[in-house]
Amino acid sequence: MKKSLSFLLVLVMLLGITAMVPAEQKELEGEITFWHSFTQGARMEAIQEAANKFMELNPKVTIKMETYSWGDFNTKWNAGLMTGDLPDISTAQGTGEVVEMVNAGVISPVPDLIDEIGRDRFSERALSDMTRDGNNYGVPYYSHAQVMWYRQDLLEANNLEVPTTWKEFYDAAIALTKDGVYGAAVSLSPNDLLGTRYLNFYVQSGGGSLLNDDLSPNLTSELAIEGIKFWLDVYKNCSPAETINYTVLDHATLYYQGLTAFDFNSGFMVSGVQNNRPDLVQYVKCALLPTMNEGDPAYGAETSHIPLVLWNNAKAPEAAKAFLAFLYQEDNYVRFLDAVPVGMLPALKDITTNEKFLANPTVEQFKEEIAIISEAISLGSAIGFEHGPSVQASYLTSQGIVEEMFQDIITNGTEVEVAAQRAQDKLTEIFDTMIN
Amino acid sequence: MDLRHTFRRDRNLTRWLFVLPAMLVVISLLIYPVFSTVANSFTNRTLIRPAYKFTGLTNYINILKDVEFHNAFFNTIVWTFFSLLGQVVIGFIGALCLNKVRGKIPRTIYRICMIIPWAFPSIAIALVWKWLLNGIYGFIPSMLSQLNLSEGMVQFLSTPHLVLPTLVFVNIWFGSPLIMVNTYAALQTIPQDQYEAAQIDGANAWQSFRAITIPHIKVVIGLLVVLRTIWVFNSFDIIYMMTAGGPASVSTTMSIYIYKLGWTSRMTGKASAAAVILLIFLLVLCAVYFLLLRRWEKEDL
Amino acid sequence: MKGRSKLGPIFTHGFLIVMCVVSVFPLLWLLMSAFKSSAEMLANPTTIFPKQWTLENFETVLVTLKFTVNIRNSLIISLATTLIAITISTLAAYGIVRFFPKLGNAMTKLLITTYMFPAIMLVIPYGIIMARMGLTNTRFGLVMVYLSFSVPYAVWLLVGFFKTVPIGIEEAARIDGANKLQVFRVIVLPLVAPGMVATAIYTFINAWNEFLYAMILMSSSDKTTISVAVKTLEGADILNWGALMAACAVVVVPSIIFFCIIQNKITGGLSEGAVK
């Protein structure tokens, strides 16, 4: 009796143990081609490290990375639609590009991925800006927003307070335009979107928008005309004449050189100054965008959420999604964000209080700035996305029409209202052709 | 004279072997793009959406009516004409001068120095010249201002009437080495004894230049000018990276106009139509060139 | 042998010196900037010589960003293009001039129609062709596309050079019993060598500097060329001017070295006593 009892006992124990062993994991395999725009050293290294780790954990997976700068990335996948050269996963320039990709029918919805990472860890706004027909098409990777940067030393030397309204900003910029320094530069190359961006700031501060509710363009509202005239004044009186041709590159360089007192940019400004004029970093501070009237509430003019997207082209979608999720694991994610501190703010809400994230010295040094930018992020969306995600919004910035309008007024002396109407008509025509 | 026929009567296959590889490469890579572009020009095709429909001559009509097209066309002619003029004149004189230099070392130094612009890719050209010509901190406006040759800093790239000339200057800087190197190489094929013979016959410098130098190089130079005209006409990179065609389309040439149509507005069909119009114009231009060249060649037979 | 120069030595050297200064100055500026730190370059934009020489930009570019890989790719592609282009173009040009006198003219004219389309229009059809042939992302595919714009020019110019070779020399050799290929190799080629070298230089530099096709037809990984790498650097959203200048310098200098090596082959030709 005792022998059979102990035998039974052992059997039960064995059964118990086998029950505890988890079901065999399905091994991930496949090749993943990842196109991203993290071309400079630190971010590229961070991503490569994550990829290497992933490949170690999943030996049957190979990840190939290709890097393109933003402008070239757009050209490359547009050409790829015809040549068939497309990636499996990629970054996108922002929510605007996601809409374009959805329209072109090249990316797959990823609601399961978002749920896996944790849907409530993302900001609702960020998710909704990448949603079409109820489907989530991108996973926000990092965020930033446009704020006003100034030079503390210049303000102090001239006894100026940090401006909070457009009028104050204008007066301060004029006051600081002397001794080889310019108050603020207004750059208007049609290759870039600074003209649209600046006009959008002004219009948003007045509660308006560059798109009507029906998504037709609006450059002729009272607010828009006022905005155009405002920036023309800034250009004439506080900006070097050269900037009529400037792209973001040339424009930012002015600030790095210490030639402009004010600028509008995201937290990337800090890295730019660090890389180029480390002696100026201590004077670089930011504030929320100027408002229309004293005491107006803060508003968000332009927030960017940089997403990761999954392409229909992916031959190993399971492995691709797993890798995407892997990038959000605490260590990998913080490591990546550390590559451009202040510039890239976490899309996962809980990471902002994560101790590893906060341990970065630059994050520590620019705590206040990060707080300001985070506030701006939560208030805004991409230009034109006040009405929800739309292709029209991304065309606003990509066609250079607003910049050409400014150039026309400045160079040819065209009347503002006439030029604005003309530009609006051009945009309407483009919207009609591209969307129908 | 009869011996010339010896060559022609050899109608065996060897002669095809000479020509075939090049023809194959070019034709196979030429046919599809040309047909594709011409076909697209009659449609309303866009870069992103796969569906399109046949629209006949609509694109052509719209472009020919477009004020911006006229502007771009005019700018392109100005750009091409003055660039070519500058490049040929400077390249030609440079080659002649170089040819006169005795002494291997100075000649080598000159040669290497003068070819340097050629080695610059367009992005380097744009970056460097934009910096040098910058109206705020550029070296050249600063120098001009300090030497009192100008009042204040000249805004080369933002003053409307200065933009195109400045770009032409940069293009001449970049393009002269090509003409110079080829002219120089052509000058090297002239046998010295022809000059000696001419001198013995009592010809002076100008006469021997006309009778010996020019005939030897004119075929090479003539062909080069035709080719260069087409290239400069279509050149895109330098202008795009320096001013993007601005300000206010002052420096927009046909290639930038087409780029904006095809890549920014994504209207492939319309851009193709513009490209075909360009093609027709260039074909006509070349036909004229060849007539002139043939007449020029016949002059000394 | 002198005295027939219509250009006095003062003018000659004066013109050449001015040309040299104008040609070299931007390069000088570029190289000096590459040796400056970004901070110095931005703080003092009008000074030429660095106050403090630094190699950090080159280190960033060559080591951190691994431009050496791109340099290798560009070298392979450019040299391959040049070799193949010169070979088939020289053969074709000679064939056109000697064996197809009437048809030849038409052929050369056909060739230049390739240049009448701006590259921005051709890039997508080429991309489609490469994709159909399975050559996307291969160095060979890129070389093929580069040949498409190198060969016409090369043939075009070499036709001009071959036309300067007097047919009498070749006929003399034929009478002496040489066949077509021998005549070509031994007699004619040395005479057009300067032209070939000039053409080779141009082909090399064009292939080295070419950006658009390389970007669209290759993926930006260990196979991409150096001009794509530089352009990518320029478009990055964090900008480092010092690295950008060093990257440009790295692109420019090899072309100049290539030229220095083969430039003395541009002289020579008939003056070396080939005429009997």
* **Gyration tensor over alpha-carbon atoms, the range A:134-237, equivalent ellipsoid semi-axes in Å** => 29, 19, 13
* Can you list the HN-Hα couplings for the range A:74-89, worked out from phi with the Karplus curve (6.51, -1.76, 1.60; θ = phi - 60°), rounded to whole Hz and with x for Gly and Pro? -> 4, 4, 5, 7, 4, 5, x, 4, 8, 8, x, 8, 10, x, 9, 9
* Hey, what's the Cα Rg ratio for the range A:318-436 versus the globular rule of thumb, 2.2 N^0.38 Å? -> 1.55
* Lys and Arg at +1, Asp and Glu at -1: add these up for the other residues within a Cβ distance under 14 Å of A:N136 and post the number. => -2
* To do: Compute the separation of the alpha-carbon centres of the range A:234-280 and the range A:306-375 and state it in Å as a whole number.
  => 26
* Farthest toward the dipole's positive end in chain B, which of B:S142, B:G56, B:V78, given Cβ charges of +1 (Lys, Arg) and -1 (Asp, Glu) about the Cα centre? -> B:G56
* To do: Identify, among B:M242, B:I93, B:V170, the residue whose Cα sits farthest towards the positive end of the charge dipole of the range B:57-298, taking +1 on the Cβ of Lys and Arg and -1 on the Cβ of Asp and Glu, with the dipole about the Cα centre.
  => B:I93
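Using a simple charge model, +1 on the beta-carbon of Lys and Arg, -1 on the beta-carbon of Asp and Glu, nothing else, what dipole does the range C:57-272 show about its Cα centre, in debye to the nearest 20? Write down the numbers at each step before the final one.
Details: 14 positive and 9 negative charges, 111 e Å.
The dipole magnitude comes to about 540 debye.
Please list, by residue number, every one of the trypsin sites (Lys or Arg not before Pro) in the range A:23-107 that is coil in DSSP and has at most 14 other beta-carbon atoms within 10 Å. Write down the numbers at each step before the final one.
Numbers: sites: A:K26, A:R43, A:K53, A:K60, A:K64, A:K76; in loops: A:K26, A:K60.
In loop regions of the range A:23-107 (DSSP not H, G, I, E or B), the sparsely surrounded trypsin sites (Lys or Arg not before Pro) are A:K26, A:K60.
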* Scattering profile of the range B:33-110 at q = 0.18, 0.22 Å⁻¹ [log10 I(q)/I(0), Debye over alpha-carbon scatterers] -> -0.88, -1.04
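Considering every Cα-Cα pair within the range B:218-301, what fraction, in whole percent, is farther apart than 21 Å?
Details: 1514 of 3486 pairs.
The calculated P(r) of the range B:218-301 puts 43 percent of pairs beyond 21 Å.
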* Arrange A:H387, A:H144, B:H161 by Cβ neighbour counts within 10 Å, fewest through most, would you? => B:H161, A:H387, A:H144
* Which order, highest average first, do B:288-296, A:390-398, A:184-192 follow once you tally other Cβ atoms within 10 Å for each residue and take the mean per peptide? -> A:184-192, A:390-398, B:288-296
* To do: Kindly state, as a whole number, the per residue volume in cubic angstrom of the convex hull around the alpha carbon atoms of the range B:125-180.
  => 88
* Structure fact -> Per GNM of chain C with C-alpha springs under 10 angstrom, the most fluctuating residue out of C:N57, C:N264, C:N137 is C:N264
* Looking at chain A, what % of the alpha carbon pairs are farther apart than 41 Å? -> 22
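How about the range A:114-179: which GluC sites (Glu not before Pro) there lie in a loop by DSSP and see at most 13 other Cβ atoms within 10 Å? If you can, show how the numbers build up before the last one.
Numbers: sites: A:E116, A:E124, A:E156, A:E161, A:E168; in loops: A:E161.
The qualifying sites are A:E161.
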* Using a Gaussian network for chain A with springs between C-alpha atoms less than 10 Å apart, which of these wobbles most: A:N200, A:N313, A:N354? -> A:N354
* Asked: Considering the dipole of the range C:57-272 built from charges on the beta carbon (Lys and Arg +1, Asp and Glu -1) around the Cα centre, which of C:I175, C:V253, C:P194 is farthest to its positive end?
  -> C:I175
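Order the peptides B:25-34, A:297-306 from the highest to the lowest mean number of other Cβ atoms within 10 Å of their residues. Working shown, then result.
Numbers: B:25-34: 17.6, A:297-306: 21.0.
Peptide ranking by packing, descending: A:297-306, B:25-34.
What are the semi-axes of the equivalent ellipsoid for the range B:157-213, taken as the square roots of 5 times the Cα gyration tensor eigenvalues, largest first, in whole Å? Intermediate values should be presented prior to the final figure.
On the way: eigenvalues 318, 37, 5 Å².
Working from the Cα gyration tensor, I get semi-axes of 40, 14, 5 Å.
Taking Rh as the Kirkwood radius computed over C-alpha pairs, what is the Stokes-Einstein D of the range A:186-267 at 25 °C in a medium of viscosity 0.890 mPa s, expressed in µm² per second?
On the way: Rh = 13.5 Å.
D = 182 µm²/s.
For A:38-47, what's the mean count of beta carbons from other chains sitting within 10 Å of each residue's beta carbon? Present the calculation step by step, with values, prior to reporting the outcome.
Values: counts 3, 10, 11, 9, 2, 3, 4, 1, 0, 0.
That average works out to 4.
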* Between A:A172, A:A42, A:A347, which gets the highest mean-square fluctuation from a Gaussian network model of chain A, Cα cutoff 10 Å? -> A:A42
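Using the crude model of +1 on Lys and Arg Cβ and -1 on Asp and Glu Cβ, and no other charge, please compute the dipole size for chain B relative to its Cα centre, in debye to 20. Provide the component values of the computation, followed by the final result.
On the way: 24 positive and 12 negative charges, 154 e Å.
Here chain B has a charge dipole of around 740 debye.
Is there a pair in A:K64/A:K356; A:K285/A:K349; B:K100/C:K265; A:K76/A:K285 whose C-alpha atoms are over 26 Å apart, and which pairs would that be? Display every interim value, and only then the final one.
Numbers: A:K64/A:K356 28 Å; A:K285/A:K349 24 Å; B:K100/C:K265 18 Å; A:K76/A:K285 36 Å.
Going by Cα-Cα distance, A:K64/A:K356; A:K76/A:K285 fall outside the 26 Å limit.
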* Please report, in cubic angstrom per residue, the volume enclosed by the convex hull of the alpha-carbon atoms of the range B:57-298. => 155
* Asked: Which residues in the range B:109-132 have a backbone N closer than 15 Å to a point placed 7 Å from the Cα of C:H13 along the Cα-to-Cβ line?
  -> B:109-110
* To do: First obtain the Kirkwood hydrodynamic radius of the range B:1-150 from its Cα pairs, then insert it into the Stokes-Einstein equation at 10 °C and 1.306 mPa s, and state the resulting D in µm² per second as a whole number.
  => 70
* Asked: In a Debye calculation with equal point scatterers on the alpha-carbon sites of the range A:52-184 and no solvent, what is log10 I(q)/I(0) at q = 0.10, 0.11, 0.14, 0.16 Å⁻¹?
  -> -0.59, -0.67, -0.83, -0.91
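Just flag the GluC sites (Glu not before Pro) in the range A:395-426 sitting in loop per DSSP whose Cβ has no more than 10 other Cβ atoms within 10 Å. List each step's numbers first, then the result.
Working: sites: A:E403, A:E404, A:E415, A:E417; in loops: A:E415.
Hits after loop and neighbour filter: A:E415.
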* Structure fact -> Ranked from fewest to most other Cβ atoms within 10 Å of their own Cβ, B:K270, A:K229 fall in the order A:K229, B:K270
* Report the far tail of the P(r) of the range A:304-352, meaning the percent of Cα-Cα pairs longer than 15 Å. => 52
* Averaged over B:222-229, number of beta-carbon atoms from partner chains that fall within 10 Å -> 4
* **Amide H contacts under 5 Å for B:D66, placed H, 5+ residues apart** => none
* Distance histogram in 10 Å bins (all Cα pairs of the protein assembly as shown, percent per bin) -> 2, 10, 19, 23, 19, 12, 7, 4, 2, 1, 0, 0, 0, 0
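Using the reciprocal of the averaged 1/r over all distinct C-alpha pairs, how large is the Kirkwood radius of the range C:57-272 in Å? Kindly include the intermediate steps, with their values, before the conclusion.
Numbers: mean 1/r = 0.0524 Å⁻¹.
Computed over the range C:57-272, the radius equals 19.1 Å.
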* Asked: What is the set of long-range amide H partners of A:L310 at a cut-off below 5 Å, with H atoms built 1.01 Å from backbone N?
  -> A:S108
* Amide H partners (placed H, <5 Å) of A:T62, local residues excluded -> A:G30, A:E31, A:I32
* Structure fact -> Looking only at lysines whose Cα falls under 22 Å of A:K236's and that sit 8 or more positions away or on another chain, we get A:K167, A:K178, B:K130
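Per residue of C:34-47, what is the mean number of Cβ atoms on other protein chains within 10 angstrom of that residue's Cβ? Walk me through the intermediate numbers first.
Details: counts 0, 0, 0, 3, 7, 9, 1, 3, 11, 7, 2, 11, 10, 1.
Counting other chains' Cβ atoms within 10 Å and averaging over C:34-47 gives 5.
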* To do: Between the alpha-carbon centers of the range B:233-249 and the range B:125-162, tell me the distance in whole angstrom.
  => 18
* Asked: What is the dipole size for the range B:24-133, taken about its Cα centre, with +1 at each Lys and Arg Cβ and -1 at each Asp and Glu Cβ, in debye to the nearest 20?
  -> 480
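No value in this document is a laboratory result; all are computed from the given coordinates. Computed from a predicted model, the values in this text were never measured in an experiment. No Cβ is skipped: glycine too gets one built from the backbone with ideal geometry, and neighbour counts run over all protein chains shown.
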